[in-house]
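Engineer: This structure is in structure tokens; I'll ask about it shortly.
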Amino acid sequence: MLRELILATGNDHKIKEISSVLADKNIKIIPLTAFESFPKTIEDKKTLEENAIKKAREVALFFNKWAVADDSGLEVDLLGGEPGVYSARYAGENCSYDDNNNKLLKKLEGVPLEKRTAHFRCVIAIASPEGIVKTVSGKVNGYICEKKTGSGGFGYDPIFFIPQYNKTFAELSFSKKNKISHRAIALMKAKKIIASII
């Protein structure tokens, strides 16, 4: 029976987004940061799916509770899918969001907008206390801007432009982004799986 769900992430932005979508009066959402000690998963896999599964399974087995993890990445078509699985550390270990954005903008310098197509992809993994995992995914298409715009969101949000809204993710309100983003799409699928377990 699923009554508690551990969010296998220490990222405050992800905790906020995931918690708001998965909020349910029948489930207690517990962020990993609520525990004094927990295993840090080494994200050494080659795909978003593999990393999400690894994170969810390790946390579920360690705490003997249901766990949910995500791995998300920005994939730029012209760059062969970069930064992809390396999105969080594109500019190197311990880099900032700005460092990553600046590196990507530099790589695309002089490239016209129509060739700057990209998509955000998110994989959500839900693991049982026994380590059995189910996954779902979400994807949203857009373009990489020529400069950072907007102050909301996090990560690559200031340079990811969504044509149908004529705005970057960073210019959208939290509630709007949390309805249309790659993570929101994946989470709505995950919510159906969770509902079937309760």
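The values are calculated or read from the model by the stated rules, or taken from the named source; none is laboratory data. Just so it is clear, the structure is predicted and the values come from calculations on it, not from any experiment. Every residue, glycine as well, gets a Cβ built from its backbone with ideal geometry; the counts of neighbours run over all protein chains shown.
Engineer: Within the group Val140, Val123, Val136, Val111, which residue is farther than 24 Å from Thr9 by Cβ and among the hydrophobic types (A, V, I, L, M, F, W, C)?
Structural biologist: Checking each option against the conditions leaves just Val111.
Engineer: Restricting segment 15-42 to residues that are among the small types (Gly, Ala, Ser) and not in a helix (DSSP H, G or I), which is nearest to Lys191 (Cα to Cα)?
Structural biologist: Here the residue is Ala23.
Engineer: Could you list all residues from segment 122-135 that are part of a strand (DSSP E or B) and either farther than 23 Å from Ala60 by Cβ or among the hydrophobic types (A, V, I, L, M, F, W, C) (or both)?
Structural biologist: Selection gives Cys122, Val123, Ile124, Ala125, Ile126, Ala127, Val133.
Engineer: Do you know which of the residues in segment 36-49 that are among the hydrophobic types (A, V, I, L, M, F, W, C) and in contact (Cβ under 8 Å) with a residue 24 or more places away in the chain is surrounded by the fewest Cβ atoms within 10 Å (Cβ to Cβ)?
Structural biologist: Looking at residues that are among the hydrophobic types (A, V, I, L, M, F, W, C) and in contact (Cβ under 8 Å) with a residue 24 or more places away in the chain, I get Phe38.
Engineer: While we're here: Looking at segment 78-99, which of its residues are over 21 Å from Leu187 (Cβ atoms) and either among the hydroxyl-bearing types (Ser, Thr, Tyr) or part of a helix (DSSP H, G or I) (or both)?
Structural biologist: Passing the criteria: Leu78, Leu79, Tyr86, Arg89, Tyr90, Ser96, Tyr97, Asp98, Asp99.
Engineer: Further question: When you look at Ala88, is it hydrophobic (A, V, I, L, M, F, W, C) and either modelled with pLDDT of 95 or more or over 30 Å from Leu5 (Cβ atoms) (or both), yes or no?
Structural biologist: No, not satisfied.
Engineer: Assigned to a strand (DSSP E or B), of a type in the set (Gly, Ala, Ser) and either surrounded by fewer than 16 Cβ atoms within 10 Å (Cβ to Cβ) or at pLDDT 95 or above (or both): which single residue out of Gly150, Gly138, Gly110 fits that description?
Structural biologist: Within the list Gly150, Gly138, Gly110, the selection yields Gly138.
Engineer: Another question, then. Quick one: Asn102 ticks every box in (1) surrounded by fewer than 18 Cβ atoms within 10 Å (Cβ to Cβ); (2) in a loop (DSSP other than H, G, I, E, B) except a single one, so which number is it?
Structural biologist: (2)
Engineer: Right, something else. Here's a check for you: in segment 166-198, which residue that is within 26 Å of Leu113 (Cβ to Cβ) and of a type in the set (Lys, Arg) is surrounded by the fewest Cβ atoms within 10 Å (Cβ to Cβ)?
Structural biologist: Among those that are within 26 Å of Leu113 (Cβ to Cβ) and of a type in the set (Lys, Arg), it is Lys179.
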